[in-house]
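Enquirer: Pasting in a structure now, in structure tokens, and then I'll have a few things to ask.
Throughout, read-outs are computed from the coordinates displayed, never taken from laboratory work. Everything quoted here is computed from the prediction, not taken from an experiment. Neighbour counts run over all protein chains shown; Cβ positions are idealised from the backbone, glycine included.
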């Protein structure tokens, strides 16, 4: 395998590792949205105007509480996982020698900034940002 291809494969693995934090954030957000939808469904149930008598809804309430407890526990687990991952990645970034490279990785992978936002924040053009990102991935140790 050519050296360039080997470096590219290593950098791809590093990017995938760094992107795990953003994926954890999305999973957390999805759980939060599920909780909000469940609450909204319980607070504002669809109205049935068929004139038929309805039960007390006690089973519905206990089902709601059980499901809510399950989602909240899932949210706690996801947040813990996300924070551990962030601390791990942050620790690895802090060990980097070049602060520009470390800052760029932090902005891109931990803060989720778009390349345009990174360019605006750093004052670098796209070519400089791409070059620093490439070097940062080379120097990043997992």
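Enquirer: In nm, to one decimal, how far is the modelled label at residue 74 from the one at residue 40, with both set 7 Å along Cα→Cβ?
Expert: Going from the residue 74 label point to the residue 40 one covers 1.7 nm.
Enquirer: Still on this structure: How high is the relative contact order of the chain, in percent, counting Cα pairs under 8 Å that sit 6 or more residues apart? Before the final figure, lay out each step's value.
Expert: Details: 75 pairs, mean separation 47.5, N = 142.
Here the relative contact order equals 33 percent.
Enquirer: Next up: Quick one: 92, 6, fewest Cβ neighbours within 10 Å first, how do they rank?
Expert: So the ranking, lowest neighbour count to highest, is 6, 92.
Enquirer: Here's something else I'd like to know. Need the full-extension length gain, residue 15 to residue 141, defined as separation in residues times 0.36 nm minus the C-alpha distance. One decimal, nm.
Expert: That pair, residue 15 and residue 141, stretches by 44.2 nm at full extension.
Enquirer: Further question: R0 = 35 Å: FRET efficiency of residue 124 with residue 83, Cβ-based, nearest 0.05?
Expert: Efficiency computed from Cβ-Cβ geometry: 0.70.
Enquirer: Next question. Using a 10 Å cut-off around each Cβ, can you sort 72, 132 from fewest to most neighbouring Cβ atoms?
Expert: Ordered by Cβ neighbours within 10 Å, fewest first: 72, 132.
Enquirer: Once a ≥ b ≥ c are taken as the square roots of the eigenvalues of the Cα gyration tensor of the chain, is the result rounded (a/c under 1.5), prolate (a/b larger than b/c) or oblate (a/b not larger than b/c)? Please report the intermediate quantities before stating the final value.
Expert: Values: a/c = 3.54, a/b = 2.86, b/c = 1.23.
Prolate is the answer for the chain, as a/c is 1.5 or above and a/b outweighs b/c.
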